[in-house]
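**Q** Provided herewith is a single structure, encoded as structure tokens, for subsequent inquiry.
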Amino acid sequence: HVKQNGGNGYHFFSKELEARSKQRLSLEMDLRQAIEHQEFALHYQPKVWTATQQIMGMEALLRWQHPKKGMISPAEFIPLAEELGLLPSIGRWVIIEGCRQLARWQQQGLPPLKLSINVSPQQLKDKSIITLLGKAIEKFSLSPSQLVIEITESLAMEDSTANVELLHAIKALGVDLSIDDFGTGYSSLSYLKHLPFDELKIDRSFLINIPNDRDEVAIVKAIIAMAQSLDLRVVAEGVEEAPQLEFLNKLQCEVIQGFYFSKPLPSKAFAEFVLSHKQ
Ligand code: C2E
Ligand code: MG
Ligand code: MG
Ligand code: MG
């Protein structure tokens with residue numbers, strides 16, 4: 001290439017940059033149309049009580065089925081959607097679709113389960129999420145305590161009065177609040193104590209090498225002890241192997257989520273999983 005471009009390396013790089021920005025632009029245009037074209041779906045991953053292995057609920061995880069590129073991971077498109085200001089409207093769809101599905105499952109005779117919904121920083125800057133949650137609860141005749149809002153630690157701990165007020169307003173609806181990816185941020189114990197959380201999810205990165213890695217074991221033990229002293233329900237995410245489960249059970253970590261039980265499933269497969277699981 002260098003020779004063809006007459007030794008002009010800059011020319012080569014600018015072509016590559018141009019290709020990449022074109023790619024991004026086309027992804028951006030596709031994302032703007034994805035809601036209209038109904039390309040989003042929710043998959044559901046079971047959350048299981050550690051001690052009894054009964055199903056406690058499920059986490060709704062967003063999937064984008066791109067017509068040409070196939071399934072695109074949320075890790076890829078959520079940051080882009082957020083940057084483009086599209087996440088609030090996608091997030092509204094997630095809340096409504098999740099609640100509709102939960103109500104459908106109840107009508108089909110599934111046991112009462114808790115639905116966890118991930119909420120982005122942008123959504124929490126806007127008070128309209130309170131109204132939306134209230135309306136969805138009413139429209140689908142749900143009990144508010146059947147909903148759990150998951151907020152990543154970094155955001156939950158952002159020390160802004162507006163944020164804290166919004167957390168209290170969500171809590172006042174009767175909805176549970178959960179700190180997601182705990183351990184990846186810098187929250188202090190005293191600060192946490194003043195926030196209205198019900199649940200804490202230990203980030204998967206701390207659980208990969210338990211029970212073999214001494215440092216990870218120490219960290220996980222400390223997180224669980226702290227959560228218990230604050231009366232928070234502790235959830236371990238990303239549990240894949242039986243030894244992890246046994247270790248977490250011994251430490252009385254209440255809830256497990258991970259491929260050990262199930263990957264996130266389309267709604268129909270999730271219902272089949274629940275019905276075939278001994279309760
Ligand atoms: P998260 O909320 O921490 O969700 C858990 C992620 O861990 C999911 O990835 C899930 O598939 C994955 N996971 C669960 N168990 C295991 C396991 O045993 N092993 C491994 N390797 N992975 C496991 P996913 O579905 O790719 O979602 C990634 C992130 O995207 C989520 O992390 C969440 O931050 C975000 N996200 C997903 N759906 C939504 C949504 O509707 N709204 C918003 N704002 N964010 C979402
Ligand atoms: Mg989550
Ligand atoms: Mg998480
Ligand atoms: Mg995570």
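**Q** Which percent of the accessible area of the range 1-126 is formed by carbon and sulfur heavy atoms (probe 1.4 angstrom)?
**A** Carbon-and-sulfur percentage of accessible area, whole number: 54.
**Q** Ok, one more. For the range 32-137, with every protein chain kept in place, what is the accessible area per residue (1.4 Å probe, Å²)?
**A** The answer is 46 Å² per residue.
**Q** Rounding to the nearest 10 and keeping the result within 0 to 90°, find how far the Cα-based axis of helix 267-276 lies from the longest principal axis of the chain.
**A** Helix 267-276 and the main axis of the chain meet at about 30 degrees.
**Q** If you take the beta carbon distance between Ile208 and Ser26 as r and set R0 to 45 Å, what does 1/(1 + (r/R0)^6) give as a FRET efficiency, to the nearest 0.05?
**A** 0.80
**Q** Where only protein heavy atoms count, and the probe is 1.4 Å, what is the accessible area per residue for the range 147-279 in Å²?
**A** Normalised by residue count, the accessible surface of the range 147-279 is 48 Å².
**Q** Okay, moving on. Between Thr184, Gln244, Phe197, whose Cα lies farthest towards the positive end of the dipole of the range 172-251 when Lys and Arg beta carbons carry +1 and Asp and Glu beta carbons carry -1, centred on the Cα centre?
**A** In the range 172-251, that residue is Phe197.
**Q** How would you classify the range 135-265 from its alpha-carbon gyration tensor, with a ≥ b ≥ c the square roots of the eigenvalues: rounded for a/c under 1.5, else prolate if a/b is greater than b/c, otherwise oblate?
**A** The shape class here is oblate.
**Q** On to the next question. Taking the Cα centre of the range 129-188 as origin, sum charge times position over the Cβ atoms of Lys and Arg (+1) and Asp and Glu (-1), and report the length of that vector in debye to the nearest 20.
**A** In debye, rounded to 20, the range 129-188 gives about 360.
**Q** From the backbone phi of the range 215-224, what are the Karplus-calculated ³J(HN,Hα) couplings (6.51 cos²θ - 1.76 cosθ + 1.60, θ = phi - 60°) in whole Hz, Gly and Pro given as x?
**A** 5, 4, 4, 4, 5, 5, 4, 5, 4, 5
**Q** Given the options Ile149, Trp105, Ala227, identify the residue whose Cα lies farthest towards the positive end of the charge dipole of the chain (+1 on Cβ of Lys, Arg; -1 on Cβ of Asp, Glu).
**A** Trp105
**Q** Using a 1.4 Å probe on the protein heavy atoms, what percent of the accessible area of the range 213-275 belongs to carbon and sulfur?
**A** Taking all protein chains in place, the range 213-275 shows 52 percent carbon and sulfur surface.
**Q** Right, something else. Kindly express, to the nearest 10 degrees and within the range 0 to 90, the angle between helix 9-34's C-alpha long axis and the longest C-alpha principal axis of the chain.
**A** Computed tilt is about 50 degrees.
**Q** Only Lys, Arg, Asp and Glu count, each charged at its Cβ (+1, +1, -1, -1), so figure out the dipole size of the range 61-210 about its Cα centre, rounded to 20 debye.
**A** Computed about the Cα centre, the dipole is about 660 debye.
**Q** I'd like the Karplus ³J(HN,Hα) series for the range 124-131: coefficients 6.51, -1.76, 1.60, θ = phi - 60°, whole numbers in Hz, and an x wherever there's a Gly or Pro.
**A** Residue by residue, the range 124-131 yields 7, 8, 10, 5, 4, 5, 5, 4 Hz.
**Q** Here is a follow-up. Using mean Cβ contacts within 10 Å as the protection proxy, how do 188-199, 119-130 order, highest first?
**A** Packing order, densest peptide first, comes out as 119-130, 188-199.
**Q** Where the only charges are on Cβ atoms (+1 Lys, Arg; -1 Asp, Glu), what is the dipole of the chain about its Cα centre, to the nearest 20 debye?
**A** 740
**Q** With θ set to phi - 60°, apply the Karplus curve 6.51 cos²θ - 1.76 cosθ + 1.60 along the range 188-202 and write out the HN-Hα couplings as whole Hz, x wherever there is a Gly or Pro.
**A** Going residue by residue, I get 9, 4, 5, 5, 4, 4, 8, 9, x, 8, 10, 9, 10, 9, 6 Hz, with x marking Gly and Pro.
**Q** Which angle between 0 and 90 degrees, to the nearest 10, do you get for helix 74-83 versus the longest principal axis of the chain when only C-alpha atoms count?
**A** So the helix axis and the longest Cα principal axis differ by about 70 degrees.
**Q** What is the packing order of peptides 97-105, 32-40, 57-65, 217-225, taking the mean over residues of other C-beta atoms within 10 Å and listing the highest first?
**A** Answer by packing, highest mean first, reads 57-65, 97-105, 217-225, 32-40.
**Q** Now for a separate question. Modelled label-to-label distance, Arg92 and Gln53, 7 Å Cα→beta-carbon offset: nm?
**A** If labels sit at Arg92 and Gln53, their model points lie 4.4 nm apart.
**Q** Say a paramagnetic label sat at a point 7 Å from the Cα of Lys250, along Cα to Cβ; which residues of the range 185-215 have their backbone N under 18 Å from it?
**A** Once the point is set 7 Å along Cα→Cβ of Lys250, 207-215 turn out to lie under 18 Å by backbone N, inside the range 185-215.
**Q** Is the shape of the range 195-273 rounded, prolate or oblate, going by the alpha carbon gyration tensor and its root eigenvalues a ≥ b ≥ c, with a/c under 1.5 for rounded and a/b larger than b/c for prolate?
**A** oblate
The values are calculated or read from the model by the stated rules, or taken from the named source; none is laboratory data. Everything quoted here is computed from the prediction, not taken from an experiment. We place every Cβ from the backbone using ideal geometry, glycine too, and count neighbours over all the protein chains shown. Protein only, heavy atoms only, side chains kept; ligands, DNA and RNA dropped before computing areas. Shrake-Rupley method; radii C 1.70, N 1.55, O 1.52, S 1.80 Å.
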